[in-house]
Amino acid sequence: MHTTSYWFTIPRDLLYQLNYPQAEIIDGFSGLAYCLHHLSSMLLMADLRDIDRCIGDKSGEWYVRYHQGSRSITPFSPVDKGGASVGTDAFDPTLFIFDAYPGGIGFSDLLYEKHNDLLNATRRLILICPCGSGCPSCVGPTLEVGPSAKNVALAILDLIIEGK
Ligand SMILES: [Zn+2]
C-alpha cells in the first residue's frame, strides 16, 4: 500500500553508545513504537487503527512484523539475505508511524511538526509508569515487546532527545 509515514532513525554512531545486543535494541524500538503509536493517535485525535507502526531499516533491507502476538524479522529480499538474520551493516533501526489510509490523509505531517513534543511525552509516559518491565500502558505487553523493552526504549530516547 502506498501511504505517507512519519519516521525517524538513529544515527549509527549514537547507536553504538547503547550497551545492548541488537535483539534488545529491536525490543526497545518495539516498545518505543508501541508507545508512540498510542500517543500519536491521541495527539491526532484519531483512532488507533487510523495509523499503524513498523520497525525497519532505513535502507529497507528488513522489517519487524507483528502477527497474532508474535513477531518476526523479515528481510525484504530473502534470497539475498538467506534467512532472518540481520547483518550489522544493515542495522539502521528506523521507526515508522504511518497513515493507514492509501495515499495518506495528512497525519504524517502533523506528527513531524510535533516530533519533539511526541518524544518528550513518550519519555515522560514511560518514566512515570509504575510497572517493572513494560505493560500495555507504556511500552506494551512484555510478551509482545520483550522484557528489556522498557529500559532500552528509555535509553534510546535519552540518546535522541535534544538538550538531554
Ligand atoms: Zn508500564
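The values are calculated or read from the model by the stated rules, or taken from the named source; none is laboratory data. Here the structure is a predicted model, which means the values were calculated and not measured. Counting neighbours? That spans all protein chains shown, and the Cβs are built from the backbone with ideal geometry, glycine included. Ligands, DNA and RNA are stripped out before the accessible areas are found, and what is left, the full protein with its side chains, is counted by its heavy atoms. Shrake-Rupley method; radii C 1.70, N 1.55, O 1.52, S 1.80 Å.
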- Query: Any idea how many residues of segment 106-130 are away from the ligand (no atom under 12 Å from the Cβ) and over 14 Å from Ile161 (Cα atoms)?
  - Reply: 8
- Task: Can you give me the number of residues within segment 111-130 that are open to solvent by less than 10 Å² (accessible area, probe 1.4 Å) and more than 18 Å from Ile51 (Cα to Cα)?
- Result: 1
- Message: Name the residue that is nearest to the ligand (Cβ to nearest atom), counting only residues in segment 131-148 that are buried (at least 18 other Cβ atoms within 10 Å of the Cβ) and among the hydroxyl-bearing types (Ser, Thr, Tyr).
- Response: Thr142
- Check whether at least one residue in segment 138-155 is of a type in the set (Lys, Arg) and under 17 Å from Ile26 (Cα atoms), and report yes or no. yes
- Item | Condition check for Asn151: more than 8 Å from the ligand (Cβ to nearest atom), under 26 Å from Thr3 (Cα atoms), in contact with an Asp or Glu (Cβ under 9 Å, 6 or more places away or on another chain) and open to solvent by 10 Å² or more (accessible area, probe 1.4 Å) | no
